[in-house]
Amino acid sequence: MKILICIKQVPDTATKIKISENKKTIEQTSIKYEINPYDEYAIEEALRLKENDPNTTITVMSLGPERVKQSLTKIIAIGADNAIHLKTNEDIKNSFVVAKILANEIKKERYDLILFGKKSVDQDNNQIGIMIGEINQIPCISNCTEFKINNNTITAHREIEGAIQIFESKLPIIITQEKGKNELRYPSLRNLMAAKKKTIESIDIVEQINDDIELIKLEYPPVRKEGKIIGEGKEAVSELVRILREERKII
Amino acid sequence: MTGILSVLELKNDEVTNSSLEVLTEAKKIATEKKQDNNAIVIGEINNNNVEKLKEYGINSLFICSTNTNKDGRITLLSGYSPEIYTMAISSVIEIIKPEIIIFSGTSVGKDLAPRIAVNNEYSIATDCISISVKPEGLEVKRPIYAGKIIETVILKTNNPKVISLKINSFNIKKQSVNEPKIKSISSNVSENVIQHLPVLKETIFPERKTLDVSEASIIVSGGRGMKDPKNFNIIEELANTLNAAVGASRAVVDAGWRPHSEQVGQTGKIVSPNLYIACGISGAVQHQVGMINSKCIVAINKDKNAPIFKFSDYGIVGDLFEIVPELTKKLKVKN
Ligand SMILES: Cc1cc2nc3c(=O)[nH]c(=O)nc-3n(C[C@H](O)[C@H](O)[C@H](O)COP(=O)(O)OP(=O)(O)OC[C@H]3O[C@@H](n4cnc5c(N)ncnc54)[C@H](O)[C@@H]3O)c2cc1C
Ligand SMILES: Nc1ncnc2c1ncn2[C@@H]1O[C@H](COP(=O)(O)O)[C@@H](O)[C@H]1O
């Protein structure tokens, strides 16, 4: 089985995001980039499939600037076979453009299973995997917490509000991964050193301009003012109930 | 390209509240732009609901509850299929060529909006929290970086647009009653195609019927301070008393104490209820981003220096095993 995983580098979720003076970009200096958390869950699922079926090859692909190589190397160190770096000068924001570039590269091979994260935690789009399904005419099941593959058939659990939908489909398929049950493993130092010697296929991407969406500004959400400690222990409960009932009228 | 198309959703035979939020915004935009206001609903909708929709200023309501095969055979649409739903919506787009299509930011809307955008070359912005009509186009605000930043973007006039609305972010407002034109349509998907599509085999509901955190107006959440999964009974009891949903921190979800569907935060749900009560949760930034937009936040934690107190409206310092049952008890007594 041939598996492809598309991964994006995003600021570490604990990073404080600072808006630049121009109000249109964020300060890059203090940011540590990591693999998008949902993509990590997807990678771990792929590695487990490979453990069960050694005939599996895993390719990872990422569109982004030079720094994404580091993440690709890490994924090779934990078990991916190949990596493709679609190189740009900086992150492309327009999801349409990203989807078209990725779709075009994906078309060059026949993959049985193509994995995406359900969303990138920087742009919070929730779009790319689903779009590529439409562009390349491959069915896509989004928001999956887990899936199983048996004889060319996939059974996937899609999480919706208050329930789980179980979908079944033939391969090839696109899955967008919700948080799964399995955390991504760490590379050993030895494997990391070995992975660094492996060449990563690099393709220069000429950025297509699409100006149908224009960024006006970035701003911080309104700050919450620091609340008050009503009191300590059980004795404070009556006062809390009074506030919620009489002052705030929310219960 | 002119007119608005709202995509409505049904749940337990009712038009969802998030669909009514969509309709309210759609009506505003349609009025401002002096354009036609259309809506589509996929699935079987009963008369009660059609009546209800008359209060939202819709000009034409498209109802799609069947599929027509190539050979003219008509079958009922049963169960969610993204591909068939996409084709149903696309067939309406072909008829009315709307400039703006609006979805709810639900699991269905999130799944369909990008498909519709790509297939019809529309610009797209998901999970919007405000919309305004500008001469240059449609200006929307949307949270990025899990809500640490709000971006304002313009979807420019020359291109048609798909947007989805973050649930619980807009008010619902009724209009004076009018009679929309009702048009029944059928998606046109051949059996050949259907055979190759993923099928929904089964929907599994949790054993106990619970409110979902993304839809509830009150949430009671528990974290590692609960110490043991069994202790969540005191959280459930408080939640029942308040008609609230149970939420959880990632620590307790990863430990297998609670299902992922209850997780609030960066890799869980981003919620904005009227009241959020955090019990034994420290308030890590990844949890914070998931609940910071709640209208009122209450924290119960034994550590007075816990970060959660920094962004809660009200806090009680102390042992949750004493405080939570006491709170339930006091709430059971009506005023
Ligand atoms: C990529 C990434 C994504 C993440 N996504 C999420 C997410 O979506 N949601 C999320 O929640 N976290 C997320 N996290 C994890 C987050 O960083 C924290 O580890 C987690 O939120 C901690 O959970 P907690 O508050 O329950 O546990 P702890 O931090 O251990 O806090 C327990 C609290 O309980 C209090 N306590 C203990 N006993 C009592 C008692 N008897 N009475 C009262 N108080 C008591 C303690 O004082 C403490 O403050 C993510 C992390 C990463 C790296
Ligand atoms: N630049 C990129 N390179 C590779 N994959 C990407 C890129 N951007 C997004 N993706 C994939 O698409 C998913 C959804 O991203 P988004 O639609 O931006 O929320 C991510 O989890 C990745 O799997």
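The values are calculated or read from the model by the stated rules, or taken from the named source; none is laboratory data. Keep in mind it's a predicted model, so treat the numbers as computed, not measured. Virtual Cβ from ideal backbone geometry, glycine too; neighbours counted across all protein chains shown.
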Those residues of the stretch A:203-244 which are exposed (fewer than 14 other Cβ atoms within 10 Å of the Cβ), within 26 Å of residue A:71 (Cβ to Cβ) and not aliphatic (A, V, I, L, M) amount to A:204, A:207, A:208
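When residues of the stretch B:293-322 are filtered for being in contact (Cβ under 8 Å) with a residue 24 or more places away in the chain and either part of a helix (DSSP H, G or I) or more than 7 Å from chain A (Cβ to nearest Cβ) (or both), how many remain? Don't jump to the end; show me each part of the working.
Just the residues of the stretch B:293-322 that are in contact (Cβ under 8 Å) with a residue 24 or more places away in the chain, to begin with: B:293-294, B:300-302, B:306-312, B:320-321.
From what is left, the residues that are either part of a helix (DSSP H, G or I) or more than 7 Å from chain A (Cβ to nearest Cβ) (or both) are B:293-294, B:300-302, B:306-311, B:320-321.
Of the residues in the stretch B:293-322, 13 are in contact (Cβ under 8 Å) with a residue 24 or more places away in the chain and either part of a helix (DSSP H, G or I) or more than 7 Å from chain A (Cβ to nearest Cβ) (or both).
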Listed by first then second residue, the pairs whose first member lies in the stretch B:123-148 and is more than 23 Å from residue B:111 (Cα to Cα), whose partner is part of a loop (DSSP other than H, G, I, E, B) and of a type outside the set (Ser, Thr, Tyr), with beta carbons under 9 Å and at least 6 positions apart or on separate chains, are B:137/A:212; B:137/B:158; B:137/B:159; B:148/A:16; B:148/A:17; B:148/A:221
Problem - Verdict on residue B:185 being at pLDDT below 95, part of a strand (DSSP E or B) and not assigned by TED's automatic domain parsing to the domain that holds residue B:272 - result: yes
If you go through A:104, A:182, A:151, the only one that is surrounded by fewer than 16 Cβ atoms within 10 Å (Cβ to Cβ), free of Cβ contacts under 8 Å to residues at least 12 places away in the same chain and more than 22 Å from residue B:193 (Cα to Cα) is A:104
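With respect to residue B:160, is the statement that it is touching a residue at least 40 places away in the same chain (Cβ under 8 Å), closer than 19 Å to residue A:97 by Cα and more than 7 Å from chain A (Cβ to nearest Cβ) true?
Working: touching a residue at least 40 places away in the same chain (Cβ under 8 Å): yes; closer than 19 Å to residue A:97 by Cα: yes; more than 7 Å from chain A (Cβ to nearest Cβ): yes.
For residue B:160, the condition - touching a residue at least 40 places away in the same chain (Cβ under 8 Å), closer than 19 Å to residue A:97 by Cα and more than 7 Å from chain A (Cβ to nearest Cβ) - is met.
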Across (1) in contact with a helix residue (DSSP H, G or I) (Cβ under 9 Å, 6 or more places away or on another chain); (2) surrounded by 23 or more Cβ atoms within 10 Å (Cβ to Cβ), residue A:42 clears everything bar (1)
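Let's see how each residue does on (1) more than 16 Å from ligand 1 (Cβ to nearest atom); (2) in contact with a Gly (Cβ under 7 Å, 6 or more places away or on another chain); (3) assigned to a loop (DSSP other than H, G, I, E, B):
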| residue | (1), (2), (3) |
| --- | --- |
| B:202 | yes, no, no |
| B:208 | yes, no, yes |
| B:211 | yes, no, yes |
| B:216 | yes, no, yes |
| B:221 | no, yes, no |
| B:225 | no, yes, no |
| B:233 | no, no, no |
| B:236 | yes, no, no |
| B:251 | no, yes, no |
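So is residue B:66 in a strand (DSSP E or B), farther than 29 Å from residue B:135 by Cα and without any contact (Cβ under 8 Å) to a residue 12 or more places away in the chain or not?
On the way: in a strand (DSSP E or B): yes; farther than 29 Å from residue B:135 by Cα: yes; without any contact (Cβ under 8 Å) to a residue 12 or more places away in the chain: no.
Criteria not met by residue B:66.
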